[in-house]
Amino acid sequence: MSSFPVTERSRIRRLHERGTHDEAAVHAVLDAAPLCHVGYVIDGEAYVTPTIHWREGNRVYWHGSAASRFLRKVAGQRVCLTVSLMDGYVMARSAFNHSVNYRSAMVFGRAHVVTDPDETAAALHRFVEDMFPGRWDDLRAMTAQELKATSVLWLDIEEASVKHRAAPPGDPEDAGHPVWAGVLPITTTLGAAEPAPGPHHDLPLPEALADLIASGRLR
């Protein structure tokens, strides 16, 4: 079992029994969540930017507008990228013991910008295919201007940790209190497809998208 190195930055201090630095566990949470948040510092001020990410091995990619101050300023900086998924509200018999079931990953690395246009195009191709397999070839080709307006960034995971909770209420001392206790599960799934208005609104939904909706997965 491979694990990321444990440093003062990535060490799990609170409820450490819920955490791990296991590489596979980190990858699993990153892959399950389509949305991440990237934390960084610009001119002494802290910022957190939400964006969609994808992973290739121990490298995590994300993208945005080439005109973004975030993308211009963060290149070369150390950043902290996090993803979180809520799996349920934990309803205990006391307010103090209420909690949530969750999965979260925190990874650290240095942000880099893909500078070669061909590499940028290839990365965006992999991004779309990672989210929606088979879709790229059906799309209108990207124009040179669209490619120029899009930046792709990446980091190699240097340190990382995962925390999770998947359990009923942890209040056995209150078991005799007559109030309902348990878990209210939370699931996020794709809904029914809504065609865009226009001349081709009656085209059938591609099989790959129908399969994705039926799978109940987000990616």
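Size of the dipole of the chain about the Cα centre, Lys and Arg at +1 and Asp and Glu at -1 on the beta carbon, nothing else charged, in debye to 20? In debye, rounded to 20, the chain gives about 700.
Summary of packing: across the peptides 106-118, 185-197, 151-163, the per-residue average of other C-beta atoms within 10 Å ranks them, highest first, as 151-163, 106-118, 185-197. Rounded to the nearest whole Hz, the Karplus-based 3J(HN,Hα) values (6.51 cos²θ - 1.76 cosθ + 1.60, θ = phi - 60°) of region 151-168 follow the sequence 10, 10, 10, 8, 9, 8, 5, 9, 9, 6, 8, 10, 10, 8, 9, 8, 7, x, with x at glycine and proline. Projecting the Cα positions of SER104, ALA24, LEU190 onto the charge dipole of the chain (unit charges on Cβ atoms of Lys, Arg, Asp and Glu, taken about the Cα centre) puts SER104 furthest along the positive direction.
A convex hull fitted to the Cα coordinates of region 134-219 yields 230 cubic angstrom per residue.
Evaluated over the Cα positions of region 45-145, the convex hull gives a direction-averaged projected area, one quarter of its surface, of 9.8 nm². The stretch between GLU129 and GLU158, if pulled fully straight at 0.36 nm per residue, gains 7.9 nm over its current Cα-Cα span.
Taking the longest Cα principal axis of the chain as reference, the axis of helix 117-131 is set at about 50 degrees. With Cα atoms as the point set, the radius of gyration and Dmax of region 44-95 evaluate to 16.4, 51 Å.
Taking GLY176, GLY19, GLY57 as the candidate residues, the one with maximal mean-square fluctuation in a Gaussian network model of the chain, Cα springs under 10 Å, is GLY176.
Simple rule: put +1 on each Lys or Arg Cβ and -1 on each Asp or Glu Cβ in the chain, find the dipole, and look at PRO168, TRP62, PRO178; the Cα lying farthest toward the positive end is PRO178.
From the Kirkwood radius over Cα pairs of the chain, Stokes-Einstein at 10 °C and 1.306 mPa s returns a whole-number translational diffusion coefficient of 79 µm²/s. Legend: ranking of residues PHE132, PHE70 from fewest to most surrounding C-beta atoms inside 10 Å; resulting order PHE132, PHE70. Rounded to the nearest Hz, the phi-derived 3J(HN,Hα) couplings of region 33-48 under the Karplus curve 6.51 cos²θ - 1.76 cosθ + 1.60 (θ = phi - 60°) are 9, x, 10, 10, 10, 10, x, 7, 10, 10, 6, x, 9, 8, 9, 9, where x marks glycine and proline.
Taken together, the values in this text are just the output of simple stated rules run on the coordinates, not laboratory data. None of the values given here were measured: they were computed from a predicted structure. All Cβ positions, even for glycine, are placed from backbone atoms using ideal geometry, and neighbour counts span all protein chains on display.
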